[in-house]
Structures are given as structure tokens and as C-alpha cells.
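Peer 1: I'd like to ask some things about the structure below.
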Amino acid sequence: MGLTSNSTGRGAVDRGIDIAKSGSSARIIALAGNPNVGKSTVFNALTGMNQHTGNWAGKTVANAQGTFATQQEQYILVDLPGTYSLMAHSAEEEAARNFICFGDADAVAVLCDATCLERNLNLVLQTLEITDRVIVCVNLMDEAERKGISLNLSAISERLGVPVVGISARKKKSIAKLTAQMDKMMSGQTCTKPMKIRYTKGIEEAIALLEPVVAEEFPGLLKPRWISLKLLEGDEQLIREIEKNIGYPVFCSQQVFEALERAKSLLYENGITSDNFKDNVVASLVLAAEEICMDTVVSEKSDYNAADRRADRILTGKWVGYPLMILLLLGIFWLTIVGANYPSQLLSAGLFRLGDFLREIFASLGAPEWLNGLIVDGAYKVLAWVVSVMLPPMAIFFPLFTLLEDSGYLPRVAYNLDKPFKRCCACGKQALTMAMGFGCNAAGVVGCRIIDSPRERLIAILTNNFVPCNGRFPMILNIITIFFLGTACGGFSSILSALILTGFILLGIAMTFAVSKLLSKTILKGVPSSFTLELPPYRRPQFGKVIVRSIFDRTLFVLGRAAAVAAPTGLLIWILANVTVGDLSILRHITDFLDPFGRLLGLDGVILAAFILGIPANEIIIPIIIMTYLCEGSLLEMESLTQLHELLTANGWTIITAINVILFSLFHWPCSTTLMTIKKESGSLKWTFAAFIIPTIVGMGLCFLVNLIGSLFV
Amino acid sequence: MKLERTLCDVRPGQKVKIKQVNHCGSIRRRLLDIGLVNGTVVECVGKSPCGDPSAFLIRGAVIAIRSEDCCKISVFDEPG
């Protein structure tokens, strides 16, 4: 869940792999590897681009690229999606393979996990079939050592026929080994003789027949042996890509067509059908990997991951698994509430004092009153609110959540929740996309690519908005603090508000399940598809890095985005509130118009208007509400949450209003960025509209109900 | 006739050898990709709190597989 300027907001809308060569001399290195091997860590260490590393499959949702230089060369590093194979079974595998085939990379660095090298070699061997210029980079050597696994890298390198370097990406120094090897390869000091995979007799005979013809027909395209293999397999996707490259249909060539026919009948004679061809190929690859690792990878302790299994027995245990999940969520919320309360008050007091000071300066400069109002009461005040209200909770919540993510706990959440998701005919990996949604719903929607089945992916996309993103999270937190915590900050009341917050989040999760089920039974009918999920080893989070990274990458970035929207919106609101048409301000016209409908939902016109104006960024909803109330009432000094409470109750807010605002912020239309991303990911306006209307209906329905029930009692 | 033993029947802590993966389509390829070819030794390392999916140690990595999918993977008992 890399929440950086590249993965959230507009950046979340993926643009495919386009390489902008900075200088014509720059070398392109593709970075391939299985999920969870630390590709992003290597990528960050090399390029210094602040892309966060998640500990689960499919983290690289958009293809990242960055540049770096050694003393010898300029490099462009392309981070390919994490894949187990290059057989193009999924969109990610297809993207990775197409880049390796046709991306003009000067070399491919395949990153492997030293703690399970054998499995990783499958990808290495497949890459070797496509290109000779491969560097195998075995990461997590330190972890392997700790687990008592010793690797004879030079023997492995000899068997593979390409250079193999061992690194520990978390230690920056060891990365130098990789760059040194890249330099060597670029300068031609390394010659590679990749090993050939021996397939079964029938396949080898068929390849031998086809290979010379392919070599003659498509000279210099890709390795003829590999193209032959893929033609025999009938890989249509690759044939399309080749045709794109050579510019005419592959089977235009009579020779290729005839040779393929003969080769296929040869296969048939050897008892290899199109059904078991791929099995044969995969089995040969797996066995080759096994052979390479035999006596080069030695594990001293047979129970090297006993600690992980013990942790799993607790964290995914029958009785404690679920309670622990909820407790963790509760704990994070509690720490956020307790920790954010005081700094938030301090910040807002400071910023509003600065506002008064600004006003005085404006006055002493003889600025007209309207300018003063526009800049200080409009733009500045909304900005100050966004900063003081959002910064403290985010600065606490994000690092905490990132620690959880780094430790490897999140895949266990998906593992624990798979059965309930399966009941709803959805996929357990949806839990991971929901976790991404806590950061940013747009990133969560892009993250849905980790779900293989298109139907289940669409369900995950449509329901992602039920998890409050960082834009809505502080808003919910604030209202809870104001209306439930009160002014006191005792230990008990903060636990109480953490409980309330957890309750609302659980409601959101319950709604995700309900809507997923409903969708599966109606417009997205289907049965749950298959599911495999890797549970990576637990890793001790890198505390220092996590804190720095989550504050700079996430907190400041998200705050920056909110502020960029907040200031102009503040201006707009001030203008709307101060330009009158007839007797009333434009804003008043709008809110009066929306008021009856808002009342029906237990809200009011102002709140509804704020939610509509908040489409570009949900962060600004509360500031808009406050601004609007302030413009219409007497100008209050909003220095603390107590005063905010007074302002809201003065404008008719009750506990019912507060509940409804929280409900509506949890369930309403997604922000514009998320909608754009959904359009891009689903490729259809219909589903984008569904993503807009489903949460809206849910939210309006719930608010209406709560209002109805509330009016019976109050 | 005695029913064939599948990965479904494997309790946590037990080790078995893969006999045949009987899936078709993309899941078959995915299972093969993670190394579930004939003869691979697999150990069940745990179950999800709801009893499904189960986690298996396959060629050094822990992979969770749903019971529906396990039932189509026939296995031999691994002696010892």
C-alpha cells in the first residue's frame, strides 16, 4: 500500500509501462521477482524514490520506475509487478513478461528470496529462456542465515550460467554488490551462458523441428527456442505481441505454419496433448529448480520457521484469531485518539492565533475588509482546520498501521477472513484491498488487481469505499471525540470513543460483506473462484524507517493534497457565503434548497452541501460545514473542540445528527479520484456509476432509518 | 471402494506427497507455479480460525489453499 504521490490520487490511475529515457545513454534494468521478496526495498534503496514496501503479494500496483547512477553508468530501473511465473496467467504476469520480451531492457535483475530459493528459481528459469542478460539477485541473505540456511551462490551461478549475487536489501551497503554486477554486465565483462531447461523427449523433438524455421523467419526477435516453445503451447497472447512487433501475422509465413503443424503431430505421437503440454513444461521447470538447489542450498535446522508457526498458531488461532484482530484495531484507534487529542488542540490554538495576527497585518496594511475575509476567513481558516484536525491523527495512525503492514500481519487478516468472504462468494484478498482503503480508496481500488477473478475483483472495487480512507477517518474521529468523548480526556472516555470508532469501522466491514453477498446474488452472480495466498514470514518492522517513511510519504503527502483542495474551497465558500442574490447569500440559497432533503436524512442542508462540495477531497467536509455555520452566525474563535461542539449544537446538531454524519461519511459516494480510478480499472461507466450509487443508497437508507428511530425517542 | 486421499484430509502437522493436481484452467497453472507438481512433499501447518482455508508449507513457502481446491489434489502418505 504505497501511499505516495505516485500511488494515490491521480497517480493511482495506472499508465502502463512507459519508459522515458532521460538520456539516450541510460541503461534500462528490469527488476523482476516473486511477491514478498523485497523488490520495493531494493527499488527504493537504488533509486531513492520513496515507494513504500508492503509485505504482501501484488504490492506494486502501478509500475514504478526510477533512475540511479553508478560511477560508470546511468540506469533506469523498472519495477515489474511481483509474479511467480511468466506464463501470462494474470494481467501482472502479462505485463512483466511483455516488458522482459519487448521492453528493450539492457538486463533483467531477478530478485529471489534466499529463504525459499527453490520456488523463486521457477521465475529465474523462465526469464533465462527469454533473455541471456539476467542477473540473479538473492535477497534476504541475512534472514536465511538466521534461519540456518546456507547457500552456495557460486555453485548456483555455475549451474544457471548467469551471475548470482547475494544481498540483504535492508542493509544499504550490500546493494552495492548488485550495482557492481550491473556495471560489469553493461561493460561486457560478464558473459552469460544460461542453462537450457531439458523438457521431455517429445517436446524436445518438436522444438528441434520448429526452432530453425523460427530462427530464419523472425531473426533477432527473441530466442527462437523460446518462441518455438510458446508456439507449441499455443500462447495466443504472445503471438499477438510478436505480431505487434513484426507488423504482420505470424502465420503469414507458410514455413512456420507447416513446421508448427508437423511439430504438433510429433507431440501428439509422443502422447503430449495441448492439455498436458503446459504441465510437462511446468514440471520440467520445477524439477530443474529442485536439481539446482540440491546440495547448493543446505538447511541446518529443519524447524527454521518454528517461531513463525508459533505466531501463526496464536494470530490465526481458532479462538483468539478474530478477537485479536479486533483488539489490534481497537488498540490502534485508542492510541490515535489519545495521542491526537492534545496536539490537535495545541495546533488549532496556535494556528488561529496566527490567523488573528494575519488579520491585524491585513488591517494595518489598509486592505479592504472583503480581501481580509476572502484570505483569512476563507482560505486560511479552512486550511488551518484541515491541518490541525487531520495532522495529529494521521501522524499517529499511519505509522502504527505501517508497522502492522511491515510485520507481515495483514496477509494473516486475509487468511482469517477468507471463509466469511467465501460465504459472500468473494475473495479473501479483498481484506487486503480494504486495508489499502484505510490509506486511500483510490489506491485500494487499484490494489484490487491482486484478485484474479474479474467478478470478485469488481465486487472488491465496488465495496472498497465502505472502508473510511484517511480523508474521512479524522472526520469520523473528530465527531466521535466531540459528541461522545466530551471535553474530558480521561482514560475511560478515550477507551469508550475508541470502542465507538471500532464499532463504526466494524459496521463498515459488515456492510462490505452484506453488499458483496448482495452483489454476488444479483448483478454479479457467480460462485467463489479458487484462491491461493502466500503467508510470508513475519519480519521485525524497521521502526525508524517506518516512522520517517509514513510521516513523509503518507501524512505530509495526504495533508498536502487536502490543503491544496482546502484553500481554494475556502475561497469559494467565502465567496458563495458573501455574494448575495436577492436577500440571501448564494450559499444560503443552496443550503436552503438542500435542507428539506437533508432533514429527511437527519442531516441538514449545510452538511449535505459540504458532502457534495467535498467530492474532490473528503478531508474538507468538516471545514466546509464549520465555515458555512461561521459565515452565517457570529464569528466565533474556534480554538478547541469544546467550542466546535458549541457551534454545532447551536446549529441544531444532536447526537442523532452526529451519528448520521458519521454514517454518511462512512457510506456515501467515493471522491472524484476514486471514481476516476474505478472508471479506469473497470473500464466501464456502468460500474463507475454503480460504485457511486451503491454506497449512496446504503448511506441514505441508514441515515433515514436512524433519523426515523431517533425521532421516536427524542 | 476406498476414497482417494486428498490434501483436504491432511491435518495440521502431517506431511504428504502430491500425487496429482486435478484442477483445470488458471487455478491448475497457479498451483503448479507455486510448485505443486507430482512428488512434491507438502506439510499442513495450520488452519484458518474458521477451519478453512488451510496453510501448507510448499517448497519453503507457506501458502493458503481453500478446502474446495484441496479436495481436487490427490496425495500419497509420506512415510515418516
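Each reported figure results from applying straightforward, stated rules to the coordinates on display, with no laboratory input. For clarity, every value in this text was computed on a predicted model and none was experimentally measured. Using ideal geometry, Cβ is built from the backbone for each residue, glycine included, and neighbour counts are taken over all protein chains shown.
Peer 1: Please list the non-local residues whose amide H lies under 5 Å from the amide H of A:Cys137, H modeled 1.01 Å from N, same-chain partners needing a gap of 5 or more.
Peer 2: When sequence neighbours closer than 5 places are left aside, the close amide H contacts are A:Val110, A:Leu111, A:Cys112, A:Val165.
Peer 1: Count, for each residue of B:19-30, the Cβ atoms from other chains sitting within 10 Å of its Cβ, then give me the mean as a whole number. Could you put the intermediate results ahead of the total?
Peer 2: Numbers: counts 0, 0, 1, 0, 1, 1, 3, 7, 7, 6, 10, 9.
Across B:19-30, the average partner-chain Cβ count within 10 Å equals 4.
Peer 1: Which whole-Hz ³J(HN,Hα) couplings does region A:260-272 yield from phi under the Karplus relation 6.51 cos²θ - 1.76 cosθ + 1.60, θ = phi - 60°, glycine and proline marked x?
Peer 2: Couplings: 5, 4, 5, 4, 5, 5, 5, 4, 4, 4, 8, x, 9 Hz.
Peer 1: Summing -39500 (n - 2.57) over the DSSP H runs of n ≥ 4 in chain B and dividing by its residue number, what mean residue ellipticity at 222 nm do you reach, to the nearest 500 deg cm²/dmol? Don't skip to the answer; put the middle values down first.
Peer 2: Working: 2 runs with 13 residues, N = 80.
So the helix-based figure for chain B works out to -4000 deg cm²/dmol.
Peer 1: Which value in deg cm²/dmol, rounded to the nearest 500, describes the helix-derived mean residue ellipticity at 222 nm for chain A, given -39,500 (n - 2.57) per DSSP H run of n ≥ 4 and division by the residue count?
Peer 2: On the way: 30 runs with 427 residues, N = 714.
Calculated mean residue ellipticity at 222 nm is -19500 deg cm²/dmol.
Peer 1: Quick one: dipole size for region A:112-170, taken about the Cα centre, charges +1 on Lys/Arg Cβ and -1 on Asp/Glu Cβ, in debye to the nearest 20.
Peer 2: On the way: 6 positive and 8 negative charges, 19 e Å.
Value, rounded to 20: 100 debye.
Peer 1: Here's another thing I want to ask about it. Taking amide H positions as placed 1.01 Å from N in the peptide plane, with prolines and chain starts having none, which residues 5 or more places from B:Ala64, or on another chain, fall under 5 Å of its amide H?
Peer 2: The answer is A:Leu533, A:Glu534, A:Leu535, B:Phe56.
Peer 1: Straight-line reach from A:Lys525: which aspartates and glutamates have Cα under 12 Å away, leaving out those fewer than 8 places along the same chain?
Peer 2: Hits, sequence-local ones excluded: A:Glu456.
Peer 1: Further question: List the GluC sites (Glu not before Pro) within region A:118-220 that fall in a DSSP loop (any state other than H, G, I, E or B) and whose Cβ has at most 11 other Cβ atoms within 10 Å. Can you show the working numbers first?
Peer 2: Values: sites: A:Glu118, A:Glu129, A:Glu143, A:Glu145, A:Glu158, A:Glu204, A:Glu205, A:Glu216, A:Glu217; in loops: none.
Those that pass, being in a loop and sparsely packed, number zero.
Peer 1: Quick one: grab the alpha carbon gyration tensor of region A:134-178, order the square roots of its eigenvalues as a ≥ b ≥ c, and give me rounded if a/c is under 1.5, else prolate or oblate depending on whether a/b is larger than b/c. Please report the intermediate quantities before stating the final value.
Peer 2: On the way: a/c = 3.06, a/b = 1.26, b/c = 2.43.
Note, shape of region A:134-178 comes out oblate.
Peer 1: Taking R0 as 56 Å, what FRET efficiency do you get between A:Gln254 and A:Ser684 from their Cβ-Cβ distance, rounded to the nearest 0.05? Please report the intermediate quantities before stating the final value.
Peer 2: On the way: r = 41 Å, r/R0 = 0.74.
Between A:Gln254 and A:Ser684 the formula returns 0.85.
Peer 1: First measure r as the distance between the Cβ atoms of A:Ala180 and A:Ser407, then evaluate 1/(1 + (r/R0)^6) with R0 = 30 Å and state the FRET efficiency to the nearest 0.05. Don't skip to the answer; put the middle values down first.
Peer 2: Details: r = 32 Å, r/R0 = 1.06.
Here the calculated transfer efficiency is 0.40.
Peer 1: Answer rounded, prolate or oblate for the protein assembly as shown, using the Cα gyration tensor with square roots of eigenvalues a ≥ b ≥ c: rounded when a/c is under 1.5, else prolate when a/b is larger than b/c, else oblate.
Peer 2: The shape class here is prolate.
Peer 1: Right, here's the next one. In nanometres, what is the gap between the two model label sites at B:Ser26 and A:Leu358, each 7 Å from Cα along Cα-to-Cβ?
Peer 2: Each label point lies 7 Å from its Cα, and together they span 5.1 nm.
Peer 1: Could you tally the net charge around A:Thr192, taking each other residue with its Cβ under 14 Å from the Cβ of A:Thr192, Lys/Arg +1 and Asp/Glu -1? The partial results should precede the final answer.
Peer 2: Numbers: positive: A:Arg133, A:Arg159, A:Lys184, A:Lys193, A:Lys196, A:Lys223; negative: A:Asp106, A:Glu129, A:Asp132, A:Glu158.
Counting the neighbours of A:Thr192, the net charge comes to +2.
Peer 1: What FRET efficiency comes out for A:Gln237 versus A:Lys318 if R0 is 30 angstrom and r is the Cβ-Cβ distance? Round to the nearest 0.05. Please list the in-between numbers first.
Peer 2: Working: r = 43 Å, r/R0 = 1.43.
Using R0 = 30 Å, I get an efficiency of 0.10.
Peer 1: Return one number: the angle in degrees, 0 to 90 and rounded to the nearest 10, between the long axis of the Cα atoms of helix A:224-233 and the longest principal axis of the Cα atoms of chain A.
Peer 2: Rounded to the nearest ten degrees, it is 70.
Peer 1: Of the trypsin sites (Lys or Arg not before Pro) in region A:258-307, which ones lie in a loop per DSSP and count no more than 15 other C-beta atoms within 10 Å?
Peer 2: The qualifying sites are A:Lys301.
Peer 1: Add +1 for every Lys or Arg and -1 for every Asp or Glu among the other residues with Cβ under 14 Å from the Cβ of A:Ile246, and state the total. Provide the component values of the computation, followed by the final result.
Peer 2: Details: positive: A:Arg240, A:Lys244; negative: A:Glu216, A:Glu217, A:Glu241, A:Glu243.
Taking every Cβ under 14 Å from that of A:Ile246, the sum is -2.
Peer 1: Along region A:171-188, what does the Karplus equation 6.51 cos²θ - 1.76 cosθ + 1.60 (θ = phi - 60°) give for ³J(HN,Hα), rounded to whole Hz, x for Gly and Pro?
Peer 2: Going residue by residue, I get 9, 4, 4, 5, 5, 4, 4, 5, 5, 4, 5, 4, 4, 4, 5, 5, 7, x Hz, with x marking Gly and Pro.
Peer 1: While we're here: Would you mind classifying region A:458-563 by shape? Square roots of the alpha carbon gyration tensor eigenvalues, ordered a ≥ b ≥ c; an a/c under 1.5 is rounded, otherwise it is prolate if a/b is larger than b/c and oblate if not. Don't skip to the answer; put the middle values down first.
Peer 2: Values: a/c = 1.94, a/b = 1.32, b/c = 1.47.
The shape class here is oblate.
Peer 1: Starting from the 7 Å offset along Cα-to-Cβ, what nm value, one decimal, do you get for the label separation of A:Tyr342 and A:Phe597?
Peer 2: Here the modelled spin labels are 4.5 nm apart.
Peer 1: With angles folded into 0 to 90 degrees, how steeply does helix A:91-102 sit against the dominant principal axis of chain A? Use alpha carbons for both and round to 10.
Peer 2: Roughly 50 degrees, rounded to the nearest 10.
Peer 1: What whole-number distance in Å separates the alpha-carbon centres of region A:102-143 and region A:521-588?
Peer 2: 36 Å
Peer 1: Using θ = phi - 60° and the Karplus relation 6.51 cos²θ - 1.76 cosθ + 1.60, list the HN-Hα couplings for region A:499-514 in order, rounded to whole Hz, with x at every Gly or Pro.
Peer 2: Taking θ as phi minus 60°, the curve returns 4, 4, 4, 4, x, 5, 5, 5, 4, x, 5, 4, 5, 4, 4, 4 Hz for region A:499-514.
Peer 1: Need the full-extension length gain, A:Ala91 to A:Ala208, defined as separation in residues times 0.36 nm minus the C-alpha distance. One decimal, nm.
Peer 2: On the way: separation 117, 0.36 × 117 = 42.12 nm, distance 3.09 nm.
Length difference between fully extended and current span is 39.0 nm.
Peer 1: A follow-up question, please. Would you grab the residues whose amide H sits under 5 Å from the one on B:Lys19? Only those 5+ places off in sequence or on another chain, please, with H modelled 1.01 Å from N.
Peer 2: For B:Lys19, whose amide H was placed from the backbone, the distant partners under 5 Å are B:Gly39, B:Ser74, B:Val75, B:Phe76.
Peer 1: Could I ask something else about it? Filter A:Lys517/B:Lys72; A:Lys679/B:Lys47; A:Lys177/A:Lys201; A:Lys264/A:Lys429 down to the pairs with a C-alpha to C-alpha distance above 29 Å, please. Working shown, then result.
Peer 2: On the way: A:Lys517/B:Lys72 26 Å; A:Lys679/B:Lys47 38 Å; A:Lys177/A:Lys201 40 Å; A:Lys264/A:Lys429 39 Å.
Violating the 29 Å Cα-Cα cut-off are A:Lys679/B:Lys47; A:Lys177/A:Lys201; A:Lys264/A:Lys429.
Peer 1: Farthest toward the dipole's positive end in region A:214-344, which of A:Ile337, A:Leu229, A:Tyr322, given Cβ charges of +1 (Lys, Arg) and -1 (Asp, Glu) about the Cα centre?
Peer 2: After comparing all options, I get A:Ile337.
Peer 1: Using only Cα atoms and rounding to the nearest 10 degrees, what angle (0 to 90) does helix A:410-423 make with the longest principal axis of chain A?
Peer 2: 80 degrees
Peer 1: Calculate the mean, over all residues of peptide B:42-49, of how many other protein chain Cβ atoms lie within 10 angstrom of the residue's Cβ. List each step's numbers first, then the result.
Peer 2: Values: counts 0, 0, 0, 6, 8, 4, 13, 15.
Per residue, the average neighbour count from other chains is 6.
Peer 1: Taking 0.36 nm per residue of separation and subtracting the Cα-Cα distance, what length does fully extending A:Asp104 through A:Ser25 add?
Peer 2: Full extension of this stretch gives 27.1 nm more.
Peer 1: Calculate the spin-label point distance for B:Glu43 paired with A:Ile693, positioning each point 7 Å from the Cα along the beta-carbon direction, and give it in nanometres.
Peer 2: Between A:Ile693 and B:Glu43, the label points sit 5.4 nm apart.
Peer 1: Can I ask one more? How long is the gain from A:Ala69 to A:Gln643 if the chain were fully straight, where each residue apart is worth 0.36 nm and the alpha carbon distance is subtracted? Don't skip to the end; give the middle numbers.
Peer 2: Numbers: separation 574, 0.36 × 574 = 206.64 nm, distance 5.49 nm.
Difference between extended and current length: 201.2 nm.
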